[in-house]
Amino acid sequence: MIRQPVVAGTFYTSNPKALRNQVETFLENALVKKVYSDILGIISPHAGYICSGQCAAYGFNAIMQKDFDMAVIIAPSHRVGGFKFSLGKYEAYNTPLGNVTVDIDTVESLLEEDGFSFIPAAHNYEHSLEVQLPFLQVVKPEARIVPIIFGNQSAENSAFLADKLANYFRDRLKGTVFIVSSDLSHYHDSIRAQEMDGKLAGLVEKSNIRELVSLLQQRDIEACGYGGILTLLYMAEKLHYDKIENLEYTHSGNVTYDYSQVVGYLSTAIYR
């Protein structure tokens, strides 16, 4: 069973050659200053490539420096609720660049744990995980994936997921990266968006989880994939990854020139 792409031709081009060229150009233009050989994971945006692709390239350039063969992708559900974590129990995910193999043994093993299920409807039309795949195919074409759609996002569920993943992957971190898919504030004017997103980015770099949760609950900051962001920060604490660096921030207004309602994008690396 292969999961077919649903946003090829909208969020990114469906032409394989043009898609590869676009991703490679984004990567060439994303200058990463450090070597991230021992990187736990990244936060990566998931909008249309025209708006967020260049920002996403910074994170993928960072993980490209690591010799990994498995990517655990944590992406929020935009359409389906009523569950905690849905694992994509597919043979592969297809994109215009070909198939990305699912590590089915890991998926089936995790499905035996409480809180994990396979809900096809959560994957069928979800873009937040899919848009990460062409970047992954360019930087590590041989990598297998563990696709996780985060349903009911909360600090409690994030801590639960972090504990499960940290315990499961503790002995195989050398060959594994975690990709958290999230955009930031939605549809505020650019001044307000940059204020909100700046707060969130600063708290992420400080790993100030308590304040992050507080401001998210108060709606002073926004991130549609905040559950995955918190999960990665909790994992970093558990696994002793003590360095966090925001690599790039932008918003849609910098591309559309409409500054009245923008969406924020952040690329972040967690490493040691």
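Since every read-out is calculated from the coordinates, none of them should be taken as a lab result. Not measured: the values here are computed from a predicted model. Here the Cβ is made from the backbone with ideal geometry for all residues, glycine too, and neighbour counts use every protein chain on show.
Please report the net charge: other residues with Cβ closer than 12 Å to the Cβ of residue 101, K and R +1, D and E -1.
Summing Lys and Arg as +1 and Asp and Glu as -1 gives -2.
Which whole number of Å³ per residue matches the convex hull of the alpha-carbon atoms in region 2-271?
Values: hull volume 30.3 nm³, N = 270.
Looking at region 2-271, the number lands at 112 Å³ per residue.
What is the Cα coordinate range of region 136-272 on the first, second and third principal axes, sorted by size from largest, in whole angstrom?
Dimensions of region 136-272 along the principal axes of its Cα atoms: 47, 36, 28 Å.
Give the peptides 17-23, 60-66, 93-99 in descending order of average Cβ contacts within 10 Å, highest first.
Sorting 17-23, 60-66, 93-99 by mean packing, highest first, produces 60-66, 93-99, 17-23.
Under unit Cβ charges (Lys, Arg +1; Asp, Glu -1), what dipole magnitude, rounded to 20 debye, does region 1-117 have relative to its Cα centre?
Roughly 620 debye, rounded to the nearest 20.
Calculate, for residue 259 and residue 163, the FRET efficiency according to 1/(1 + (r/R0)^6) with r their C-beta to C-beta distance and R0 51 Å; round to the nearest 0.05.
Working: r = 41 Å, r/R0 = 0.81.
Calculated transfer efficiency: 0.80.
Arranged from highest to lowest average of other beta-carbon atoms within 10 Å per residue, in what order do the peptides 76-84, 45-53, 264-272 appear?
Order by mean packing, descending: 264-272, 45-53, 76-84.
Scan around residue 118 for amide H atoms under 5 Å from its own, H built in the peptide plane at 1.01 Å from N, and keep only partners 5 or more places away or cross-chain.
87
Per residue of region 81-93, what does 6.51 cos²θ - 1.76 cosθ + 1.60 with θ = phi - 60° give for ³J(HN,Hα)? Whole Hz please, x for Gly and Pro, Karplus curve as stated.
After applying 6.51 cos²θ - 1.76 cosθ + 1.60, I find x, x, 8, 8, 9, 10, 8, x, 7, 10, 5, 6, 10 Hz.
Given +1 on the Cβ of Lys and Arg, -1 on the Cβ of Asp and Glu, and no further charges, what dipole in debye does region 148-272 carry about its Cα centre, rounded to the nearest 20?
So the magnitude is around 540 debye.
When Lys and Arg each count +1 and Asp and Glu each count -1, what net charge do the other residues less than 14 Å away from residue 38, Cβ to Cβ, add up to? Kindly include the intermediate steps, with their values, before the conclusion.
Numbers: positive: 34, 66, 172, 174, 243, 272; negative: 67, 242, 245.
Summing Lys and Arg as +1 and Asp and Glu as -1 gives +3.
Could you work out the local net charge near residue 167, counting Lys and Arg as +1, Asp and Glu as -1, over the other residues with Cβ closer than 12 Å to its Cβ?
So the environment of residue 167 carries a net charge of +1.
R0 = 35 Å: FRET efficiency of residue 210 with residue 34, Cβ-based, nearest 0.05?
0.80
Any chance you could check the Cα centroid distance between region 244-270 and region 204-240 for me, in angstrom?
Cα centres, region 244-270 to region 204-240: 18 Å.
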